[in-house]
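First the structure, in the form of structure tokens, and then the observations on it.
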Amino acid sequence: MADGNLGAYNIEDLRRMAQRRLPRGIFEFVDRGTEDEVALCNNRMAFEEIKLKTHVLANVSTRSLETKIFGKTIKMPFGVAPTGTAGLLSYGGEVALAKAAAKAGIPCTVATNAMTPMEEIVDQAGGELWFQLYMWSDKELSLKFVDRVKSVGFETLIVTVDGAVASNREYNHRNGFEVPLKYTPRLVAQLLAKPGWLATCLLQQFIKRGVPKFENYPPELMDSLMSKSFKRSILKNDTLDWDDLKRLRDRWPGNLVIKGILHADDAAMAADCGADGVIVSNHGGRNLDASVAPIQILPEIAARVGGRMTVIVDSGFRRGTDVIKGLALGADLVMAGRPTLYGAAAGGEAGAYRALEIFREEIDRIMGLLGLHTVEEIGPDCLWRPTAVGDAIRAAAE
Ligand SMILES: Cc1cc2nc3c(=O)[nH]c(=O)nc-3n(C[C@H](O)[C@H](O)[C@H](O)COP(=O)(O)O)c2cc1C
């Protein structure tokens, strides 16, 4: 393996390394989208339609990537999105992600579905940790759970609202990669095909912690998850509405961020309910295959609620240029899920950190090429607008 950069020059390199290392079912669970993967592809293609303009002769010898989010200074305008599976990619993967983010000086989100207890992640990693909540069908249980999140010391709560019903990920059915895991001959064959991962991740997991499970779940939920009569519907909640959000607002004293917003009216509703921020997200193209790419709808949403609340965007960000485009279109912060997961699969904490380092190097380089010195200078002036996305940006600016 190469020196400090692990042999990875971009996020795609880390992705390929993850693919080589992981059993197929696990890699596809992380990497793929839903149904025909139109949203997954569109998330990437939408960036290509947006072009940047440069300013030259701007003496860019001093550049800073620092910015502020919820009153705190962070080292770059980027955060790690919640993903529940890092513990299946490398042993202790969630702690690895959080440590990498702490070292990079940026926020990292601990997921409800993490395979390491939230208390352990906080103790071992430190740094700016946020918590992501899925509200279960037992709403009272969810609100009690929020009290635990508060007592652990989290100050920012992200509630994910774009999964009212389960999405249709056909590859997971084919691979037998479902909750709870069924050890079918096909799945077992896939696991055995990757002895390196088996020895350093799954075996360690079994020896030190037992069967991988959602460690944050309250005992009553864990029991039904493990039982033979388990129904996915206990994890999904198609009855959630804006009144539930108001109840959550009353219960949670810290920053409240609504994740999975793709409509300006919903962003405005979230602000009316007292939320402090929204994450414009299509869950990385994993839920609704016909959904608009977050980067396409971002200008409309930022025009509606920007300034009134914090606007964050995720889904498909893989390059420094993508991050600059997100900020120029009105986001205060960009997040990504898969890049640090690829990194964690490729090389644990060092791999996750490498993913963040790639983003930092690329954002810094692009700022230099655009003639920019600070994150505050990134705005509509950087954009050239030939397309439908341009029309939306123009309309939003008017
Ligand atoms: C493997 C995986 C697991 C995820 N788990 C969660 C989760 O538990 N909660 C959540 O709000 N979002 C989850 N997400 C979505 C991410 O938070 C984020 O919205 C998405 O990954 C952004 O797209 P990107 O991967 O292209 O950056 C998950 C995404 C992936 C890839």
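The values are calculated or read from the model by the stated rules, or taken from the named source; none is laboratory data. On a predicted model such as this, the values are computed, not experimentally measured, just so you know. With ideal geometry, Cβ positions are generated from the backbone for all residues, glycine too; neighbour counts draw on all protein chains shown.
Among the residues making up region 1-59, those that are of a type in the set (D, E, K, R) and in a loop (DSSP other than H, G, I, E, B) are Asp3, Arg32, Glu35, Asp36, Glu37, Glu49, Lys53. Flag: Glu362 does not match the condition of being surrounded by fewer than 23 Cβ atoms within 10 Å (Cβ to Cβ) and either modelled with pLDDT under 95 or in contact with a Cys (Cβ under 7 Å, 6 or more places away or on another chain) (or both). If the condition is being polar (S, T, N, Q) and near the ligand (Cβ under 10 Å from one of its atoms), then region 312-352 contributes Ser315, Thr340.
For every residue, the table says whether it meets (1) within 14 Å of Gly79 (Cα to Cα); (2) touching an Asp or Glu at 6+ places or on another chain (Cβ under 8 Å); (3) polar (S, T, N, Q).
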position: Thr310; (1), (2), (3): yes, yes, yes
position: Asp314; (1), (2), (3): yes, no, no
position: Phe317; (1), (2), (3): yes, no, no
position: Thr321; (1), (2), (3): no, yes, yes
position: Ala331; (1), (2), (3): yes, no, no
position: Met335; (1), (2), (3): yes, yes, no
position: Ala344; (1), (2), (3): no, no, no
position: Ala352; (1), (2), (3): yes, no, no
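Just one of the listed residues (Ile279, Ile295) is among the hydrophobic types (A, V, I, L, M, F, W, C), outside any loop (DSSP other than H, G, I, E, B) and more than 10 Å from the ligand (Cβ to nearest atom), namely Ile295.
Considered as a group, the residues in region 167-194 that are of a type in the set (D, E, K, R) and part of a loop (DSSP other than H, G, I, E, B) include one that is modelled with the highest pLDDT, and that residue is Lys194. Pairs are defined by a Cβ separation below 6 Å, a sequence spacing of at least 6 or placement on different chains, a first member in region 126-142 that is farther than 12 Å from Asn216 by Cβ, and a second member that is polar (S, T, N, Q) and not in a loop (DSSP other than H, G, I, E, B); the pairs so defined are Trp130/Thr109; Trp130/Thr156; Met135/Ser142. When region 79-100 is limited to residues that are of a type outside the set (Val, Ile, Thr) and in contact with a Leu (Cβ under 7 Å, 6 or more places away or on another chain), the one that is surrounded by the fewest Cβ atoms within 10 Å (Cβ to Cβ) turns out to be Gly79.
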